[in-house]
Amino acid sequence: MSWRNFLGFKRGSAKKPARDAQLDSELRFHIDALTDENIAAGMSPPEARRQAQLEFGGREQIKEELRDVYRVQIFDAAKTNLKAAFRFLRKSPSFSIAVILTLALGIGANSAVFSAIDAILLKPLPFPEGDQLVKLGQLRRNAKSPQTFVAPVRLEDWNRMNTTFQAMTGYYTEPESETTGELPEKVTRALVSPRFLQVWGVAPAIGRDFTDQEEHVGGPDVVIISDRYWRNRFGADPQILSRKIRMGTDSHSIVGVMPASFHFPERDVDLWSPIPVDAKIAQIRDATWYMVVGRMKPGVTVDQARANLATVQAQLAQQFPKSDADLDVLIEPLKETTVGGVRQSLLILFGSVSLLLLIACTNIVSLLLARATQRQHEIAVRYSLGASRGAIVAQLLTEAFVLALAGAALGLLVAWGAADIFRALAANLPRIEEIHLDARVVLYALACSIVVALLCGLFPALRGTKRGLSGSLAQSSRTQVSGRNRLQWLLVGVQVALAVTLLAGAGLLLRSFEALGRVSPGFEFAHVLTLHISAGWGETANINGLSQRIDRILDTLRATPGVENTATTMTLPGVPGQFTTDIRILEGEQDPNHKLVAESRFVSHAYFDTMRIPTLAGEGCRENYDAIQVMVNRSFADTYLQGQMGIGKHIEMIGNSFLKSGEIKGVVADARELGMNRAPAPTVYWCWNAPSPDPNYLVRTVGDQPMTMAQTLRQKIHEIEPGRSVFDISPLSDHLDDAFAENRMRTVLLAFFAATAISLACVGLYGTLSYSLTLRRREVGLRLALGAARSEILKRVLLEGAGVAALGCIAGCLLALAFARTLAGMLFGVTPYDPITLATVVALVLIVAFIASLIPAVRAAHVEPMQVLREE
Amino acid sequence: MPTDKSDLLQGTLDMLILKIVALGPVHGYGISLRIRQISKEVLQVQQGSLYPALHRLEKRGWLTAEWGESENGRQAKFYKLSPKGRKQLQAEESNWERLAQAVSLIMQTAQ
């Protein structure tokens, strides 16, 4: 077939008149020659011509047939192939449905995960020039503390002195009580520095940005509210710009409403207020409040910005050596900060669905191979009728493509529901609201279907059209050799191996989960409620007053019937959250090279009783801002105090100028404060009940159902603090559960994949075994006729299935061990090479293989030898 | 009408055409004439099969074609054997010999 003809459908149509003319001349020549012959034989010229034409046959007919020869060009061929493919698929509905459903599941799951990866990892942030946004932070050099908040005055310095940024802005959020109505309502308030909207590049949907006057001390109090707050609280009032809200004692005018899609810095922000840039407290160089986001100038790279800010900070270090000398500037693209944490999980998820699709494909290849073998007669006939190999392969590929396309279309429905599934399983995924089905996902599904069609269809098509097979026209199934099925058995083995790998992974994760549940936390979290009471950062101006207020709340709650004890803590126990600090013990020799590192936690004095953490030595502590007291845990005492209890020594937190040194008052037992999967670290408990205006309040109730106390607590607090709202009342156990939500999602998903993989392998084994036995029915019948026992046949078939499954298991175990390292970071209490898990998985797979082989084996053993031998 | 005219299978027709063309460039009429002559009028090809076969073989690349002047001065399309066609002819010839031998062996033993 020449290239020209292959591609020639366009050229063909242009050449049609020319070729037609040629055909005409060629045929006319032949007729003329015949006419001459007849004349030479003695006929009259008109009679000669008539005879010649008769003998020649219908000229138009021939021309039509000749045209047919050329019309097999790619466009028409494709149409014919498609029609034939549809016909073929309709003839074997169960086969088609099985393949389409399998592919729908595989391609659908793949597209779903791709839509998530596309929205979360690939697409830029939903802001104009989103790639120019970076997150900035300050870090004290050589300090272990992960804190990177920036002081407002330093932010202004950076903004003024840099050359690579359009603008920088800072923000933090805090809960606030809105008191416009009868009862105080909790709102999430974002306090922002100037240039906030400028950096994000988004303008308010209604109203305007803050003015310069409003961003300075003495200006009017204003807020911009979110779209959700506008709809929920104000019923989407069109006159919103004339209304005010009260927070605490102040009344704020609403000057703008943000668009519905804007919810930075946090998803549930209700309103934004400006912080006066010249407020006195904002001038302290050590007051680190802000999370900072900056917008780089167009064309500037992150490295250039990093170098520039390093220079700026160096200049500041010279100007203000005491506060700025050992500070480094951190810079990271904002998208990375937002999504970097989930990248690994998403990629593992993608790997799993792709593996699943691969398994489904091997299944389908097997099925298509079987089909191609059954159609050998048809193919051989087509060969003898003059079809070329390419044409037949094209036809078989079209069938595969139609199946794949149908599977992809169905799979898109699956992907459509994917966003809902993701929202249900992992509500905390960043940018989850951006996941939806768009053209890119559809294109991806299409690409998947093409790849699948080629992958699944090419090999069976090539195999089925091997020219030597045309000899089968004369051959009957008398001489089927089981060796022909070697390829299909290999595919089944591959499926079993992949299933074993996925099952092993799921098994390891499940065991980790179970081990976590058995761990002794070192504290008791049943019957404990946590809650928050709104407060503002401004209250930290009078730190002792704040502490007394919190004490009063704690005492009032403790006196309530049904409450056993109350306390506050900065970070909830058992919920992963680190606050690693550098510690110095004032007494004894100082080794400047040997920094002591410990977790610091801020708790009220009743914390240990409330959480039932036993005190091992010394007395308890009392809050006293001027002479801070601390308790240390046993790990700390063992590691740093050389076993002596160290009571009476003084500890200082390096790098914190707000806290003076504290006196060790006692030692408490170790508790898994960092999370159930982490061993307790040396910890210093600073006895201070007001590390922030709104710490976590812990309430230990007497009864079994702590949540029944919620209303009572709310009322009690309202009595003493009428202006504040109480929110986020929930059992501590809920928080502990949430902490492992991502872990749980991973485990559930991997278990789901493993289950699907093993069922696919099971179906594959069953199908291949059935098909192989169908081919060998005569062989089986012969054996039975020659005297073999039925149980022998049964045993042989079962062994065949078991053999392949065993080989697959071995391969799978090797694969699992090879990939064990990727899971290592997520396991707890099991090594990635755990033999028990592997053994259990192998046993499970062998049992499934046994069950899958049972039906074909029984069927084979019940073959009627006479009936089969008589068939031909 | 000769009663012992045989029907030709399509595969065989291809082989015959290739063999005739191997003897030298020839047009469609010439091929049908030669088949009749050489087979002593036993085989006669239907024009309805001849021309589709010719064009098919040309498309497959086993024949190449050129327009030229015939013996009586008219324009005719001449077919030549291509190197690929030559190889194909050799393959078909050996196949045919094997088949013929097998058939004749059976016919002999049956007697």
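Which residues, taken from segment A:314-330, are without any contact (Cβ under 8 Å) to a residue 60 or more places away in the chain, of a type outside the set (D, E, K, R) and not in a loop (DSSP other than H, G, I, E, B)?
Within segment A:314-330, A:Ala314, A:Ala317, A:Gln318, A:Gln319, A:Pro321, A:Ser323 qualify.
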Any hit, segment A:116-130, residues being buried (at least 22 other Cβ atoms within 10 Å of the Cβ), in the same structural domain as A:Glu433 (by TED's automatic domain parsing) and under 34 Å from the mean Cα position of the chain (by Cα): yes
So which of A:Ala33, A:Ala48, A:Ala85, A:Ala52 ends up being within 14 Å of chain B (Cβ to nearest Cβ), at pLDDT 75 or above and touching a Ser or Thr at 6+ places or on another chain (Cβ under 6 Å)? A:Ala52
The listed residue being buried (at least 16 other Cβ atoms within 10 Å of the Cβ), of a type outside the set (A, V, I, L, M), in the same structural domain as A:Pro93 (by TED's automatic domain parsing) and closer than 30 Å to A:Arg746 by Cα, out of A:Thr398, A:Thr362: A:Thr362
Enumeration of residues in segment A:695-753 that are over 28 Å from A:Gln548 (Cβ atoms) and small (Gly, Ala, Ser): A:Gly703, A:Ser733, A:Ala739, A:Ala741, A:Ala751
Right, A:Leu403: at pLDDT 85 or above and surrounded by fewer than 17 Cβ atoms within 10 Å (Cβ to Cβ) or not? no
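Quick check on segment B:90-107: of everything there that is of a type outside the set (Phe, Trp, Tyr) and touching a residue at least 24 places away in the same chain (Cβ under 8 Å), which residue is surrounded by the fewest Cβ atoms within 10 Å (Cβ to Cβ)?
First pass over segment B:90-107, keeping only residues of a type outside the set (Phe, Trp, Tyr): B:90-95, B:97-107.
Those left that are additionally touching a residue at least 24 places away in the same chain (Cβ under 8 Å): B:92-93.
On the way: B:Glu92: 17, B:Glu93: 13.
Taking the candidates together, the pick is B:Glu93.
When you check A:Ser512 against the structure, is it in contact with a Gly (Cβ under 7 Å, 6 or more places away or on another chain) and at pLDDT below 90, yes or no? Step through it out loud before you land on a result.
Details: in contact with a Gly (Cβ under 7 Å, 6 or more places away or on another chain): yes; at pLDDT below 90: yes.
So A:Ser512 passes the test.
Does B:Ile17 qualify as being closer than 23 Å to A:Ala52 by Cβ, more than 11 Å from chain A (Cβ to nearest Cβ) and under 16 Å from the mean Cα position of the chain (by Cα)?
Details: closer than 23 Å to A:Ala52 by Cβ: yes; more than 11 Å from chain A (Cβ to nearest Cβ): yes; under 16 Å from the mean Cα position of the chain (by Cα): yes.
For B:Ile17, the condition - closer than 23 Å to A:Ala52 by Cβ, more than 11 Å from chain A (Cβ to nearest Cβ) and under 16 Å from the mean Cα position of the chain (by Cα) - is met.
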What is the number of the single condition among (1) in a helix (DSSP H, G or I); (2) more than 11 Å from chain A (Cβ to nearest Cβ); (3) at pLDDT 85 or above that B:Thr109 does not meet? (3)
Number of positions in segment B:37-64 that are over 19 Å from B:Gly24 (Cβ atoms) and within 11 Å of another protein chain (Cβ to nearest Cβ): 12
Residues of segment A:499-540 satisfying the condition of being aromatic (Phe, Trp, Tyr) and either touching a helix residue (DSSP H, G or I) at 6+ places or on another chain (Cβ under 7 Å) or assigned to a helix (DSSP H, G or I) (or both): A:Phe513, A:Phe525, A:Trp537
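I'd like to check something: does segment A:846-868 contain any residue that is under 31 Å from the mean Cα position of the chain (by Cα) and assigned by TED's automatic domain parsing to the domain that holds A:Ala811? Steps first, please.
Of all residues in segment A:846-868, those under 31 Å from the mean Cα position of the chain (by Cα) come to A:848.
Among the residues that remain, those that are also assigned by TED's automatic domain parsing to the domain that holds A:Ala811 are: A:848.
Yes, some residue in segment A:846-868 is under 31 Å from the mean Cα position of the chain (by Cα) and assigned by TED's automatic domain parsing to the domain that holds A:Ala811.
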Would you please list the contacts, defined by Cβ atoms under 6 Å and residues six or more apart or on different chains, that run from a residue in segment A:56-74 that is within 10 Å of chain B (Cβ to nearest Cβ) and at positive phi to a residue that is modelled with pLDDT under 70 and not in a helix (DSSP H, G or I)? none
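Look through A:Thr683, A:Thr708 and report the one residue that is surrounded by fewer than 15 Cβ atoms within 10 Å (Cβ to Cβ) and within 38 Å of the chain's Cα centre (by Cα). Steps first, please.
On the way: A:Thr683 fails: surrounded by fewer than 15 Cβ atoms within 10 Å (Cβ to Cβ).
Criteria check complete, one pass: A:Thr708.
Just one of A:Ser661, A:Ser657 is modelled with pLDDT under 85 and in contact with a strand residue (DSSP E or B) (Cβ under 9 Å, 6 or more places away or on another chain); which is it?
Numbers: A:Ser657 fails: in contact with a strand residue (DSSP E or B) (Cβ under 9 Å, 6 or more places away or on another chain).
Only one candidate qualifies: A:Ser661.
Could you say which residue among A:Gly767, A:Gly803 is surrounded by fewer than 20 Cβ atoms within 10 Å (Cβ to Cβ), without any contact (Cβ under 8 Å) to a residue 12 or more places away in the chain and under 24 Å from A:Ser366 (Cα atoms)?
Numbers: A:Gly767 fails: without any contact (Cβ under 8 Å) to a residue 12 or more places away in the chain.
Answer to the selection: A:Gly803.
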Condition check for A:Val223: within 13 Å of A:Val269 (Cα to Cα), surrounded by 14 or more Cβ atoms within 10 Å (Cβ to Cβ) and in contact (Cβ under 8 Å) with a residue 12 or more places away in the chain: yes
In segment B:66-88, what residues are in contact with a strand residue (DSSP E or B) (Cβ under 7 Å, 6 or more places away or on another chain) and in a helix (DSSP H, G or I)? B:Gly85
Among (1) in contact with a Ser or Thr (Cβ under 6 Å, 6 or more places away or on another chain); (2) surrounded by fewer than 16 Cβ atoms within 10 Å (Cβ to Cβ), there is one condition A:Phe658 misses while meeting the rest; what is its number? (1)
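Select from segment B:28-59 the residues that are outside any helix (DSSP H, G or I) and over 13 Å from the mean Cα position of the chain (by Cα) and list them in ascending order. Step through it out loud before you land on a result.
First pass over segment B:28-59, keeping only residues outside any helix (DSSP H, G or I): B:39-46.
Matches in segment B:28-59: B:Lys40, B:Glu41, B:Val42.
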Could you check, for segment B:65-78, whether at least one of its residues is among the polar types (S, T, N, Q) and either under 23 Å from A:Ser384 (Cα atoms) or away from chain A (no Cβ under 12 Å) (or both)? no
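The values are calculated or read from the model by the stated rules, or taken from the named source; none is laboratory data. This structure is a prediction, so every number in the text was calculated from the model and none was measured. All Cβ positions, glycine included, derive from the backbone under ideal geometry; neighbour counts span all protein chains shown.
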